[in-house]
Amino acid sequence: MGKAPKKRSLADKVRKTKTSTEIKNNPFEVKINRKKFDVLGRKSKHDVGLPGVSRSKAINKRKETLLKEYKHKSKSNKFIDRRFGEYDTKMAPEEKILQRFAMERQRVHDKKDVYNLNEEEELTHYGQSLAEMEKYNDLVNSDDESEEKGLLSAELTASHFGGGGGGGLLRKKTSGEQQEEEGNQRAKSRQELIEELIQKSKQEKRERQVQREEAQELTEKLDQEWKNIQALMVKKTPKAENADKQEEKPKLEEYDMMVRELGFEMKAQPSEKMKTPEELAREEREKLQKLEADRLRRMMGDEIGEGAQSQIHMSADDLNDGFILDKDDKKTLSYQDGKWNLGEESDEDRDVDEEEGESGEEEESEAEEQDDEDEGNEDGDEEEGEEGSSEEEEEEEEDGHSDLDSEQESEDEEREQEDKEPSAKPKKSLSKEEMKAQQDAAKAELPYTFTAPESYTDLKDLLSGHTPDNQRLIVARTQKCNHPSLAVGNKLKLQKLFGFLLEYIGELTTRSPPDLTTIDKLIPELYALCQMFPEVACKAMQSILGDAGHSMEEVIEVKGHVAFPALDMLVYLKVTALLFPTSDFRHPVTTPALLYMSQTLTKCPVRSLQDVTSGLVLCCLAVEYVSFSKRFLPELINFLAGTLHLAVQDKTSLGYTVVPPFRPSGKNSDLLVLSDSESCKSWSKKDLPLSAVQHLELKNDLDRDHHRLMCLFTCLDLVKRCCLLYKDLTCFPQIFQPIRTLLSKHLSAQTLPEPFQELHSEILEAISSAPVSHSTLVFEKKKPIPLKLLTPKIVEVLDYGKKRGSSREEKERERLKHKYKKEFKGALREIRKDSRFLAREKLNEVMNRDAERKRKVKELFGSLATQEGEWKALKRKKRK
């Protein structure tokens, strides 16, 4: 058993409280802030402080501010008096009232009363001015209402508003009424009185209606008589006087004429809705399908107009006896060459059809002329202006008959059309010969619908045996019938078609002779497919150019040189320039094509006239590629200078440098030197044939000389185009200096034909006219950048731990940083104290609520215990 705790006495408790207060007031714990020296004008704070005084002040301040905010945080029914000076304890109540009155008058005061010296106030009642209410502005105007509107009869008023009790019908009768009622045999009931009242009101309404109808009839009669009299009152002036007056009228000014013309100008008509590409493709396919169905019907021997005829409804009781036998239905019989001749019938029918077509065209032209005449008449009417009243009446009379005339004309036109229709309706059956000729023509005709080819062989079978124009039509109709918007798989079919067409174009170039006309016809369809599927076209051309470049590199690695590309590759390069833009700085198709041409002009040696022809064709393509972007190609200039070098006879002292693939002298360096100077006389200017790239047939020396002259002329023409293309370059004279030396010293144009002499002089003039003031290309002179000197920065330190010698800005910056840190730490410290204070207050609230709850529970238990004791005591008493 442990020891029981000792109970403290009241004296011990008192002794403890006394010692605690003595400890708090201990003078040895008083903090004294001593000063080193006194500063005038400075108030000292907290010179002497007791322990816990500053803390208690801070707690009291938080209780007045932070605790109040915390308690009112979730309160929404707080009343704040916002009247002026309500919380200002320094102001007297009279001063507050005067200030509030002045502010109220200032708010009501308007700008219009700035200079109003009258100080009388405006009296109001429920927000409305009494002065305005006394004007009686909203009086009822009795003239606006009819005599009957809003008025009630005396009996109706008495019946409905007769007063309480028995109502209007049971009101007290007068003496006269009582005498009348006494004369009646019996008194009327309430129902009878109401029916009588209804009959009277209906009768009054009917009388008013009759009066209104009579007044309306009289008004109309008066208006009709006035019209008859008005014609007699108007004085008609003769037409001669009217004409004189019209001549005397002043002429309209030009501005007035323009205004009237603009007023009667034709307004813009709404245009039809723009159709989407899907709708256009659907219409094209339906049109081709209709034409194909018509062709197949003709090929099978059916008549053309048979399907277009509308079916006539015939009832079950129709005896089919409503036909009319015209004279045109009778067949004319003739005999020719021992056989019956019935062909005149078809000829007559054909003549009738032609006459009907001509009559239709005449009717259209007449309608157009009539429209023009109507427009002219309208313009004439507009320019006439205002006229006299008599002339207007006469015109109205004439216009009244014009409607009848137009109706009569329309009836005549309908009758004429009905007369024409019976002759046009009956269709004559064709003879066997004509039917056979029609079938043959339909079979020979090109189909209108095609299925997309699944392979390259299908495309060859589809296009073989057709002319270039028909091949283009076949490809175009295939695109229209298989548009991507018409079916799901059409997009893939047309993408394959683009690759098949490229392969087909390559095959056409390998034929002898190459079918360049068909290629020219197929280019537009190829362009349309490229615009439809640009990514597929880009990949297809990239694969062709990539294969050509790889094959050329492989041949160069094996043999060291490679031949010029064939005609199919040149055509592909031309197609690339037509399908894709060549002026872009960097393009996924044209840039590789340009690099391929540059590499070809550099790596392919020139060993024959056919190689010269191929190189010149490549130069033409290169000039076409850079014509818009004006990109400089040194390979192009080098090849043209080397081609001109091939025409120089004396190669001992050149004065310029020859760049590969050309040689200054030796084998194949005289390919363009003429064998006979007399061949220039028989030469005529011609374009360089593209077929010469594939196969060149030169039978004798004269043909070779003519081809050399053709190549030389083409080269000079390309040089001229390059001069015009690169004339704005800074280094233009240096680029064309070798060509200038070659033309001026080694290649004289005196022995050449006149076209050569003209080109020769133009090129030299273009090169010499370029400005020579440009300096040579050198690197820009810059000042040399010195090396970094890693010299240490020496700072004099007088006192350890303190930095001296800093500038004023640095000192101010350090002071502000120190102040910022100090304020930041103080703010954090205060925030922590506030949070601790709020946490302590919340804990006190929770403990107070718990203590209150425990107290109430203890009280409840106590009351229950007393009740239980009383109940038990009462129970014992009962038992006794």
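What the table shows:
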| read-out | value |
| --- | --- |
| Karplus (6.51, -1.76, 1.60) ³J(HN,Hα), θ = phi - 60°, over the range 69-76, in Hz, Gly and Pro reported as x | 4, 5, 6, 8, 5, 9, 9, 10 |
| Rounded FRET efficiency, nearest 0.05, which uses the C-beta distance separating K71 from R853 and R0 of 30 Å | 0.90 |
| Sequence-separation-based contact order of the range 447-532, relative, with Cα cut under 8 Å and 6+ spacing, percent | 34 percent |
| Protein accessible area in the range 447-532, 1.4 Å probe - carbon and sulfur % | 53 percent |
| Simple spin-label estimate for A873 and D81 in nanometres, 7 Å along Cα-Cβ | 5.6 nm |
| Relative contact order computed over the range 558-769 (Cα-Cα under 8 Å; 6+ residues apart), in percent | 23 percent |
| Percent of C-alpha pairs per 10 Å bin, the range 695-776, short to long | 16, 44, 25, 12, 3, 0 |
| Rounded to whole Å, sorted largest first: equivalent-ellipsoid semi-axes of the range 490-588, Cα gyration tensor | 24, 18, 13 |
| Per-pair calculated FRET efficiency, R0 = 45 Å: S629 and K793 via Cβ, rounded to 0.05 | 0.20 |
| Accessible surface, per residue, of the range 558-769 when the full set of protein chains is kept, probe 1.4 Å, Å² | 48 Å² |
| Accessible area of the range 558-769 belonging to carbon and sulfur atoms, whole % at 1.4 Å probe | 51 percent |
| Gyration tensor verdict on the range 447-532 (Cα atoms; rounded if a/c is under 1.5, prolate if a/b is larger than b/c, oblate otherwise) | prolate |
| Where the range 447-532 is the region considered: accessible area per residue in Å², 1.4 Å probe | 46 Å² |
| Exposure of L462 as accessible area (Å², to 10), given a probe of 1.4 Å and all protein chains | 40 Å² |
| Estimated FRET transfer efficiency when R0 is 51 angstrom, pair E207-Q128 (beta carbons, to 0.05) | 0.65 |
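The values are calculated or read from the model by the stated rules, or taken from the named source; none is laboratory data. The model shown is predicted, which means the values in this text are computed figures rather than measured ones. Virtual Cβ from ideal backbone geometry, glycine too; neighbours counted across all protein chains shown. Just the protein is used for accessible areas: all its heavy atoms, side chains included, with ligands, DNA and RNA removed. Shrake-Rupley method; radii C 1.70, N 1.55, O 1.52, S 1.80 Å.
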